[in-house]
1. Limited to the range 96-117, what total is found for residues that are farther than 20 Å from residue 261 by Cβ and within 14 Å of the ligand (Cβ to nearest atom)?
2. When the residues of the range 347-401 are narrowed to those that are at pLDDT 95 or above and among the acidic types (Asp, Glu), which ends up surrounded by the fewest Cβ atoms within 10 Å (Cβ to Cβ)?
3. Quick check: anything in the range 45-54 assigned by TED's automatic domain parsing to the domain that holds residue 108 and under 15 Å from residue 352 (Cβ atoms)?
4. Return the residues of the range 46-87 that are touching a helix residue (DSSP H, G or I) at 6+ places or on another chain (Cβ under 6 Å), within 14 Å of the ligand (Cβ to nearest atom) and assigned to a helix (DSSP H, G or I); say none if nothing qualifies.
5. Looking for something more than 20 Å from residue 12 (Cβ to Cβ) and either touching a residue at least 40 places away in the same chain (Cβ under 8 Å) or in a loop (DSSP other than H, G, I, E, B) (or both) - is there at least one such residue anywhere in the range 180-188?
6. Please specify each residue of the range 329-378 satisfying the condition of being under 12 Å from residue 15 (Cα atoms) and either assigned to a loop (DSSP other than H, G, I, E, B) or hydroxyl-bearing (Ser, Thr, Tyr) (or both).
7. Tell me which residues, restricted to the range 98-142, are charged (D, E, K, R) and on the phi < 0 side of the Ramachandran plot.
8. What number of residues within the range 429-451 satisfy the criterion of being among the hydrophobic types (A, V, I, L, M, F, W, C), over 24 Å from residue 353 (Cα atoms) and at pLDDT below 95?
Amino acid sequence: MTNFSYVIIGSGIAGMSAALRLAEKKMGKVCIITKGPLISGSTPLAQGGISAVTNLKKDSYESHILDTMKAGQYTNNEKNVKILVESGKQIIEDLQRWGSIFAKKQHLEGGHSFPRIWNAKDRTGNNIAHALANNIVKHKNIIVQEHSAAFHLDIKKNIIFYRNFSLQQTFALHFNCLIIATGGYSSLYAASTSPPGNTGDAIAMAMQAGIITKELSKIQFHPTVLKKERFPRLLLTEAIRGAGGKIITADEKEIVNPLLPRDIVSHAVWKNEMNGKNIFLDARNITNFHEKFPFITNILLSEFQINPETDIIPITFGAHYCMGGIATNENAQTNIENIYAIGECANSGVHGENRLASNSLLEGLVFAKQAVDHILKNMGKNKTRFPADEKNKILYPLFISSDKPKEKIFFECIQNTLSQYVSIERTKENLQQAKNIFSKMKPVSTREENALFMALAIVEDCE
Ligand SMILES: Cc1cc2nc3c(=O)[nH]c(=O)nc-3n(C[C@H](O)[C@H](O)[C@H](O)COP(=O)(O)OP(=O)(O)OC[C@H]3O[C@@H](n4cnc5c(N)ncnc54)[C@H](O)[C@@H]3O)c2cc1C
């Protein structure tokens with residue numbers, strides 16, 4: 001077994017930025033365990049950008065706080081919203097120091113009262129992820145275990161177990177401090193904008209170890225998702241509506257003010273679909289769409305033969321972001337000492353009922369910083385000591401591997417059930433129906449077991 005001072009699970013914006021901050025302080029070795037390659041998760045898919053108040057002459061922290069609270073229906077944790085917003089300027093400077101390049105002009109997005117979205121056109125997440133990864137690979141103190149899924153946590157002995165898919169072996173690491181940064185779980189839904197790996201298995205693992213979660217039923221549905229079969233679905237960024245895009249029926253009637261927060265716009269799309277209408281995003285009035293949204297234009301043209309400058313785009317709503325997650329405080333601490341959770345897997349309360357556009361990349365970065373600052377401040381007070389180092393000993397194979405085609409069917413059953421019965425409007429009967437289906441499912445691998453545990457936890461949180 002190998003010992004690390006810090007183990008981080010997940011290499012999205014939250015995990016990578018936490019690793020860099022720890023390594024920069026040269027306080028010990030950091031190990032990142034990540035299910036995918038180093039650049040993975042929702043982070044590289046993020047399009048619109050990252051919100052931050054940097055023009056204090058025209059914009060203000062108060063305005064960003066108010067926009068965030070309004071979108072969250074004033075149920076947000078106000079203290080944490082303040083930390084989120086007031087850290088924005090420093091965070092943008094840090095990203096630039098790490099090599100992120102942003103467009104000169106910040107743009108406007110739905111729910112924001114000022115154009116404060118820092119962006120790299122419609123590839124912001126990809127740009128940031130590459131900048132962070134370029135720094136990670138240069139740090140001698142950071143070790144990355146790619147294609148490795150954490151699946152079991154022993155909080156008494158401070159051990160995390162993970163399966164390396166390339167080596168087909170199971171490993172265990174001792175940690176002094178663990179940071180969970182494994183993203184959301186919206187890929188438990190059939191129509192999702194997130195990558196297939198975002199199924200919340202690490203959140204299920206944490207829950208089974210005794211870590212407290214909160215508001216797991218709070219899932220945000222994005223209103224402008226391309227209505228074409230694809231996993232993940234192509235997201236048509238909020239910034240298109242910010243630039244003048246409208247949401248219309250086939251006979252070109254606008255159904256909702258496109259600049260309202262996501263939950264309201266999604267509800268309007270859902271309601272019209274329930275009434276049998278097809279809904280479209282109309283971006284034809286946006287001049288030079290292809291220059292402003294090159295990535296989206298490219299995919300629409302090459303994969304779907306849709307020209308956004310001349311055609312209306314068929315849309316639906318899709319599971320996009322999870323407000324619920326591991327319950328954390330202002331320092332990203334969980335209920336277990338030395339275990340932190342950051343980014344989309346955490347529930348820091350900043351989003352309330354509904355996340356404001358472009359606040360989640362910011363959240364990942366801000367609470368990674370909060371966690372690292374707290375860890376460093378409390379250094380030495382930490383009572384945990386490593387047992388004798390038994391180098392790289394491979395543990396017995398805890399992971400029961402499964403037959404892949406069957407695993408696909410298992411996951412599809414969860415995805416279809418959640419999409420059908422636990423979607424935008426949730427009735428008692430539908431929730432019971434979902435529970436009945438889940439109670440009949442028999443997992444044959446840890447992965448399936450964790451996914452089912454998570455799906456049931458979502459339904460139970462709705463009740
Ligand atoms: C299409 C799309 C567009 C978006 N656009 C924006 C935007 O413009 N602005 C904005 O603010 N937000 C946007 N979001 C949301 C934002 O991208 C995410 O909330 C944010 O990137 C989450 O970062 P994260 O680091 O918490 O998790 P992720 O980036 O999702 O990373 C999770 C990591 O955990 C790893 N992992 C998962 N499970 C395990 C496990 N069991 N063991 C080991 N590793 C594991 C994954 O491999 C991955 O590396 C968008 C999301 C999507 C899907």
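The values are calculated or read from the model by the stated rules, or taken from the named source; none is laboratory data. None of the values given here were measured: they were computed from a predicted structure. Cβ coordinates were reconstructed from backbone atoms using ideal geometry, including for glycine residues, and neighbour counts include every protein chain displayed.
1. Within the range 96-117, the first condition is being farther than 20 Å from residue 261 by Cβ, and the residues that meet it are 96-105.
In the following step, the residues that additionally are within 14 Å of the ligand (Cβ to nearest atom) were identified as 100, 102-103.
Count: 3.
2. Filtering the range 347-401 for residues that are at pLDDT 95 or above and among the acidic types (Asp, Glu), the one surrounded by the fewest Cβ atoms within 10 Å (Cβ to Cβ) comes out as 373.
3. Step one: list which residues in the range 45-54 are assigned by TED's automatic domain parsing to the domain that holds residue 108, which gives 45-54.
When the remaining residues are screened for being under 15 Å from residue 352 (Cβ atoms), the result is none.
No, the range 45-54 contains no residue that is assigned by TED's automatic domain parsing to the domain that holds residue 108 and under 15 Å from residue 352 (Cβ atoms).
4. 64, 68, 84, 85
5. First, pick out the residues of the range 180-188 that are more than 20 Å from residue 12 (Cβ to Cβ): none.
Taking every residue of the range 180-188 in turn, none turns out to be more than 20 Å from residue 12 (Cβ to Cβ) and either touching a residue at least 40 places away in the same chain (Cβ under 8 Å) or in a loop (DSSP other than H, G, I, E, B) (or both).
6. 340, 342
7. Taking the range 98-142 and keeping what is charged (D, E, K, R), we get 104-105, 109, 116, 121-123, 138, 140.
Selection gives 104, 105, 109, 116, 122, 123, 138, 140.
8. Initial filter on the range 429-451 (among the hydrophobic types (A, V, I, L, M, F, W, C)): 431, 434, 437-438, 441, 444, 451.
Narrowing the set further to residues that are over 24 Å from residue 353 (Cα atoms) leaves 437-438, 441, 444.
Then keep just the ones that are at pLDDT below 95; that gives 444.
So the answer is 1.
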